[in-house]
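Working notes, structure below.
Where a number appears in this text, it was derived from the coordinates with a stated rule and is not lab data. This one's a predicted model, so the numbers in the text were calculated from it and none came from an experiment. Here the Cβ positions follow ideal geometry from the backbone for every residue, glycine too, while neighbour counts run over all protein chains shown.
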Amino acid sequence: MASALTDMSYVRRWILAAAAALAAAATALAPAAAQSSREVTETSRPLRLLRSWEDTVKLSGGAETPRRVQVFFDYDKGAGYEAYSTLDGEPLGTTTLGPGHPAPSQVEIDEAFGLVREDPEFAKIFKRFKVVFEGGFILTERRGRPCGPGSRCLRVFLLSSDRAGTIRQVVVDLVKQRVVYDDFAPGATEGRAR
């Protein structure tokens, strides 16, 4: 019994210490969240919830504790974050994700497809072909390029209706909310940017 109480006391101390650490780390997310009084959702901007789930974390000593993980993208900062909390919502910590992360959500992919559909440069293609959209892969480039640091670029493939051929490969930046490459060629040292 004493061992179980010691383990529970350790878990509580760990959660409280982690919550204090999050209070300091959460300032990275606070400015973006404070800019809008709206709730952070799968479609909100500048801060968007991409996905969330619950899992358990093993603590030293072998005890496990449940937590909630939420993945966000901040379009103002051009950066992704993972935020950790207890199942009751007490903050535990955040991690800033590196370039090319996190993977895009289906909402972001659909948004990229919509930006291509609305772009007047592609009207002739849509009149001539029954286009099937595919893709949504992240593209990261070096600093100074359209998909350099601070961007959120997704590659969009315009395929023939039978999916047998690629009509065009387009790149959309969700930060700028526009097409940045009309006809992207992977591996090209300098693509035709808009």
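Once you treat every alpha carbon in the range 131-194 as an equal point and sum by Debye, what is log10 I(q)/I(0) at q = 0.21, 0.25, 0.27, 0.28 Å⁻¹? Normalising to I(0) and taking log10 leaves -0.80, -1.05, -1.18, -1.24.
Can you give the local net charge around residue 72? Use residues other than it whose beta-carbon is closer than 15 angstrom to its beta-carbon, Lys and Arg +1, Asp and Glu -1. Intermediate values should be presented prior to the final figure.
Details: positive: 38, 45, 48, 51, 68, 77, 152; negative: 39, 42, 74, 76, 82, 108.
Once all neighbours under 15 Å are counted, the net charge is +1.
Among residues other than residue 55 with Cβ under 13 Å from its Cβ, the summed charge is +1 (Lys and Arg +1, Asp and Glu -1).
Taking the number of Cβ atoms within 10 Å of each Cβ as an exposure proxy, the fewest-first ranking of 129, 157 is 129, 157. Sorting 140-146, 114-120, 52-58 by their mean Cβ neighbour count within 10 Å, with the most densely packed peptide first, gives 114-120, 140-146, 52-58.
Computed about its Cα centre, the charge dipole of the range 119-194 is approximately 120 debye, with only Lys, Arg, Asp and Glu carrying charge at their Cβ. Multiplying the residue separation of residue 90 and residue 194 by 0.36 nm and subtracting their alpha-carbon distance yields 33.0 nm.
Amide H contacts of residue 168: 158, each under 5 Å away and 5 or more positions distant or on a separate chain (H built 1.01 Å from N in the peptide plane; Pro and chain starts excluded).
Residues 107, 131 in ascending order of nearby Cβ atoms (within 10 Å, fewest first): 107, 131. What relative contact order, as a whole-number percentage, does the range 106-181 give when Cα pairs under 8 Å and 6 or more residues apart are counted? Dividing the mean separation by the residue count of the range 106-181 yields 29 percent.
Net charge in the neighbourhood of residue 153 (other residues with Cβ under 10 Å of its Cβ; Lys, Arg +1, Asp, Glu -1) is +2.
Going by neighbour counts of Cβ atoms within 10 Å, the residues 182, 76, 88 line up, fewest first, as 88, 76, 182.
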